[in-house]
Amino acid sequence: MSTVRFNDVRKEYESSIVAVDGFSMDIEDGEFVSTVGPSGSGKSMLLRMLAGLEDVSDGEISIRDRIVNDVPPKTAG
């Protein structure tokens, strides 16, 4: 069983712009989840942080109880 967990995740840029602020969600194995919201609300940023393409400013993202905040994305090749 795999669980993806966003625990109080925050993304803030050096210019003090907050893209994601305190997002928490547990996605259980087999669940289908859709994230909706207006442009600029942080939907793509959450996916980029999960994929390792963006650094997490605060909080934790875990997959199967392994924190993946600092795991680099896999490159093709």
### Task
Could you please find all residues in the range 21-77 being more than 17 Å from VAL4 (Cβ to Cβ) and in contact with a helix residue (DSSP H, G or I) (Cβ under 8 Å, 6 or more places away or on another chain)?
VAL36, GLY37, ASP55
#### Entry: Whichever residue in the range 23-42 is modelled with pLDDT under 95 and either small (Gly, Ala, Ser) or touching a Gly at 6+ places or on another chain (Cβ under 6 Å) (or both) and, among such residues, is surrounded by the most Cβ atoms within 10 Å (Cβ to Cβ)
GLY42
## Note on the structure
Counting only residues in the range 1-43 that are closer than 16 Å to VAL56 by Cα, of a type in the set (A, V, I, L, M) and assigned to a strand (DSSP E or B), the one farthest from the chain's Cα centre (by Cα) is identified as VAL18
### Task
For ARG64, work out the one condition from (1) loosely packed, with under 14 Cβ neighbours inside 10 Å; (2) at pLDDT 95 or above it doesn't fulfil.
(2)
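Quick check on my filter: what residues within the range 44-75 are outside any loop (DSSP other than H, G, I, E, B) and basic (Lys, Arg)? Please lay out each step first, then the result.
Of the range 44-75, the ones outside any loop (DSSP other than H, G, I, E, B) are 44-51, 58-63, 66-67.
If the condition is that a residue be outside any loop (DSSP other than H, G, I, E, B) and basic (Lys, Arg), then ARG48, ARG66 are the ones that fit.
The values are calculated or read from the model by the stated rules, or taken from the named source; none is laboratory data. Source: prediction; values computed, not measured. No Cβ is skipped: glycine too gets one built from the backbone with ideal geometry, and neighbour counts run over all protein chains shown.
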